[in-house]
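Asker: My questions all concern the structure below.
Where a number appears in this text, it was derived from the coordinates with a stated rule and is not lab data. All figures in this text were calculated on a predicted structure; none of them were measured in a lab. Note that each Cβ is placed from the backbone with ideal geometry, even for glycine, and that neighbours are counted across all protein chains shown.
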C-alpha cells in the first residue's frame, strides 16, 4: 500500500500549480458548488488556456459546461468533443471525448488511441482502468491501474480508484487506509469535486462499519450532517453505526430519517424491521415493518428488491403471519 509521500512527490500535486491559478480554481469550484456554472466556466477557461496539458483542469471545465446542459446541448457537446479528438488527436482531446462518449465501444476506442498517443501519461491508463472497472472487468482494471500508478504513484484519481479496487477484493483494512490517505491528501484541492469527497467519506464510513469500528464511522457520518448529497445513504449508514454501538433507539431514529427522505427506499425499511424485531423485540411492530418491505418491493424486479422481498416473506411465514 502506498503512503502520503507518493502524493507529496507526484507531479499531479497541487503545489506544482502556480498560486494564482490555484486561487482561480478554488473560486471556480465554489461557483460550481453554488450552481453558478457560467462563472465557473469563465474562471476556468483562461486557466485551461495557460495549462493546455492539465487534464484535471480540462475535466473541471468540461464538467462546468456539461452540468447545466440540456439533453440536446449535451448531444451537441459530445459531437464537438468527437470532432476535436478526430481533428487534433492529442491525449487531452481523446480523454475528454471518451469521458462523455455514450457508446462504450467508442469510448474504449478513444482511450486506446489516448494510450497510444501518451503511453507514459498516467491519465490514459487510469481512464482505461476506470472503464474496465465500470464494465466489471476487474482483473484488467487492476492491471491498467497498476500501470497508471507506476507512472505517477500519487495520481489522485488513480489512487481513488485503487481504494475501490482494494475494497472490492475484501481487503477492508487496506481500503480504509487508502481512503483516509486520499481524503487527507485531496483536502483543499479544488480539482477534486466536492461530491467526490463526500462519496469517499461515505465509503469510508461503510468500510469502518464492516471493520467493526462503529464509533469512528459515526464520527465521519456526523461530520457529513450538513451536506446535501446522498443523505439517505448517510442515515442508513448511521443506523448501522448506532446499531453497532448498541444503541437501537438511535439506530431506529436514523433508519426512519432515511425513510422520511425517500419513502420508496427499501433499505431503511429493512433496517427498521430488523431493529424492532431483534433489538426492541416488538413482534407486532416487526410484522408491520416487514409488510411495508413487501409493499415497497412489489413490482420491482431488481435483484436487491427480490432478495429483500424474499427475506420479508421468510420472516413473515416463520411467524405464521399471512402475507398479502
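Asker: In deg cm²/dmol and to the nearest 500, what is the mean residue ellipticity at 222 nm of the chain if only DSSP H runs of at least 4 residues count, each as -39500 (n - 2.57), divided by the residue total?
Answerer: -23000 deg cm²/dmol
Asker: Any chance you could run the full-extension gain for residue 250 through residue 298? It's 0.36 nm times the residue separation minus the Cα-Cα distance, nm to one decimal.
Answerer: In short, 14.4 nm is gained.
Asker: With the chain treated as a Gaussian network of Cα nodes joined by springs under 10 Å, which of 48, 228, 211 yields the largest mean-square fluctuation?
Answerer: 228
Asker: Let me ask something additional. Please give, to one decimal in nm, the separation of the simple spin-label points placed at residue 26 and residue 194, each 7 Å out from Cα toward the Cβ.
Answerer: Inter-label distance under the simple model: 1.5 nm.
Asker: Express in nm, to one decimal, how much length is gained between residue 168 and residue 83 on full extension, taking 0.36 nm for each residue of separation and deducting their alpha carbon distance.
Answerer: On the way: separation 85, 0.36 × 85 = 30.60 nm, distance 3.68 nm.
Value of the extension gain: 26.9 nm.
Asker: Which residue fluctuates most in the GNM of the chain (Cα springs below 10 Å): 251, 200, 296?
Answerer: Taking springs between Cα atoms under 10 Å, the residue moving most is 296.
Asker: Something else now. Neighbour counts of other C-beta atoms within 10 Å: give me 264, 253 arranged from fewest to most.
Answerer: Fewest to most other Cβ atoms nearby, the residues stand as 264, 253.
Asker: Sorting check: for 230-241, 173-184, which peptide has the highest mean count of neighbouring beta carbons within 10 Å, and how do the rest follow?
Answerer: Per-residue Cβ counts within 10 Å, averaged per peptide and sorted highest first, yield 230-241, 173-184.
Asker: Label the stretch 1-182 by shape, choosing from rounded, prolate and oblate, from the square roots a ≥ b ≥ c of the eigenvalues of the Cα gyration tensor; if a/c is under 1.5 it is rounded, and otherwise prolate applies when a/b is larger than b/c, oblate when it is not.
Answerer: On the way: a/c = 1.64, a/b = 1.22, b/c = 1.34.
Oblate.
Asker: While we're here: Would you mind ranking 7, 126 so that the residue whose beta carbon has the fewest other beta carbons within 10 Å leads the list?
Answerer: 7, 126
Asker: At 7 Å along Cα-to-Cβ for each site, give me the label-to-label distance between residue 33 and residue 49 in nm.
Answerer: 2.7
Asker: Please state the shape class of the stretch 220-280: rounded when a/c is under 1.5, otherwise prolate if a/b exceeds b/c and oblate if not, all from the C-alpha gyration tensor. Working shown, then result.
Answerer: Working: a/c = 2.61, a/b = 1.30, b/c = 2.01.
Here the stretch 220-280 falls in the oblate category.
Asker: Under the classification rounded if a/c is under 1.5, otherwise prolate if a/b is larger than b/c and oblate if not, where does the chain fall, given a ≥ b ≥ c as square roots of the Cα gyration tensor eigenvalues? Mind dumping the intermediate values first?
Answerer: Numbers: a/c = 2.07, a/b = 1.88, b/c = 1.10.
Judged from the Cα gyration tensor, the chain comes out prolate (a/c at least 1.5, a/b above b/c).
Asker: What distance in nm lies between label points placed 7 Å from Cα along the C-beta direction at residue 73 and residue 5?
Answerer: 4.8
Asker: Would you mind getting me the FRET efficiency between residue 134 and residue 278? Use the beta-carbon distance for r and R0 = 41 Å, nearest 0.05.
Answerer: Here the calculated transfer efficiency is 0.65.
Asker: As a footprinting exposure proxy, order 47, 222, 139 by other Cβ within 10 Å, with the fewest listed first.
Answerer: Ranking 47, 222, 139 by Cβ neighbours within 10 Å, fewest first, gives 139, 222, 47.
Asker: Mind checking the full-extension length gain between residue 187 and residue 225? Use 0.36 nm per residue of separation minus the Cα-Cα distance, one decimal, nm.
Answerer: Additional length available on full extension: 11.9 nm.
Asker: Roughly how many Å is it from the Cα centre of the stretch 117-161 to that of the stretch 170-212, as a whole number?
Answerer: Using only Cα atoms to place each centre, the spacing works out to 18 Å.
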